[in-house]
Ligand code: NAP
């Protein structure tokens, strides 16, 4: 049997972290060799399987990313921007594939990720599901076909714990719509309206965020003109779709040159 690829999961106690650990456990190609959590997290020192309420997996949750990532061939990372920046440096040093699902990153953060990608394969996507990446491709096509008589609005809904808005996926969809129209999202994004906002600016791309309950992730792209509306829509009901995408990205990255990639590359949609 071929050697299994050694994978570390960061934010192992998180919603996505646990989902990824479960899938790696079932994989015939990947082996979990490390699970990372924050300094002083209550799971540190416990077996990850036991901490998750199941049986032992033989991997103890650690708070020491330097030691754990040094032994990794891949790092799957759904955490926070500041943690992801730290992990990207360590993954670069270890020449490990770094799969980044973390959202809410600033321009400055993205520059740091770019620097790390000179040394390692980095796959970063605000959404790792097949359906959403197809939605991105469709959004670009529809935006290219319709002129600015069609107002573009992106509406997203997520669970009540989500800390950033608009979602990384909503921003991906905004970029795709802007690309299709041949404009820069930064120039025309309208992020959040309140009070006497005045009439809608022609050609702008609007964002609206809904937060509540346990909604995994819903995204609509509305193209609205006088007399007709078209909506492209995706609804995620299970976090496994993101974790499956992350595992697919790891396997795809094995024979790639260092650099920055996204799920459109992994899925052959670029
Ligand atoms: P979550 O449940 O809050 O999990 C994040 C985990 O990361 C927490 O366990 C947190 O620990 C841990 N963490 C934070 N800083 C860390 C550090 N320095 N070292 C190690 N672990 C650290 O959030 P989630 O729902 O899993 O989402 C995580 C991220 O993925 C978010 O940015 C979310 O938007 C994104 N996401 C992306 C996709 C995609 O397809 N790209 C899909 C779903 C979610 P504490 O609990 O101690 O803070």
Checklist outcome for this item: Residue span residue 28 to residue 216: 0.36 nm per residue of separation minus Cα-Cα distance leaves a gain in nm of 65.0 nm
Checklist outcome for this item: Quick calc, residue 3 & residue 194: beta-carbon distance into FRET formula, R0 41 Å, rounding 0.05, result 0.15
Checklist entry - Where the eigenvalues come from the Cα gyration tensor of the chain, what are the semi-axes √(5λ) of the equivalent ellipsoid, largest first, in whole Å? => result 36, 19, 17
Checklist entry - How do the peptides 169-175, 10-16, 129-135 rank, highest first, by the average count of neighbouring beta carbon atoms within 10 Å per residue? => result 169-175, 10-16, 129-135
Item to check | Separation of the residue 118 and residue 202 label points, Cα + 7 Å toward Cβ, nm | outcome: 4.6 nm
Item to check | Calculated [θ] (222 nm, deg cm²/dmol) that DSSP helices of n ≥ 4 give over the chain, each run adding -39,500 (n - 2.57) | outcome: -10500 deg cm²/dmol
Item to check | Residue-span extension gain [residue 141 to residue 109] - 0.36 nm each, minus C-alpha spacing | outcome: 8.6 nm
Item to check | Per-peptide average of other Cβ atoms within 10 Å, ordering 257-269, 185-197 highest first | outcome: 257-269, 185-197
Checklist entry - Relative to the present Cα-Cα distance, how much length would full extension add between residue 164 and residue 186 at 0.36 nm per residue of separation? => result 6.2 nm
Checklist entry - Using a Förster distance of 22 Å, how high is the FRET efficiency between residue 15 and residue 179, based on the Cβ-Cβ distance and rounded to 0.05? => result 0.15
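A short reminder: the numbers here are calculations on the coordinates, not readings from a lab. Model, not experiment: these values are computed from the prediction. For neighbour counting, all protein chains shown are included, and Cβ atoms are generated from backbone atoms with ideal geometry for every residue, glycine included.
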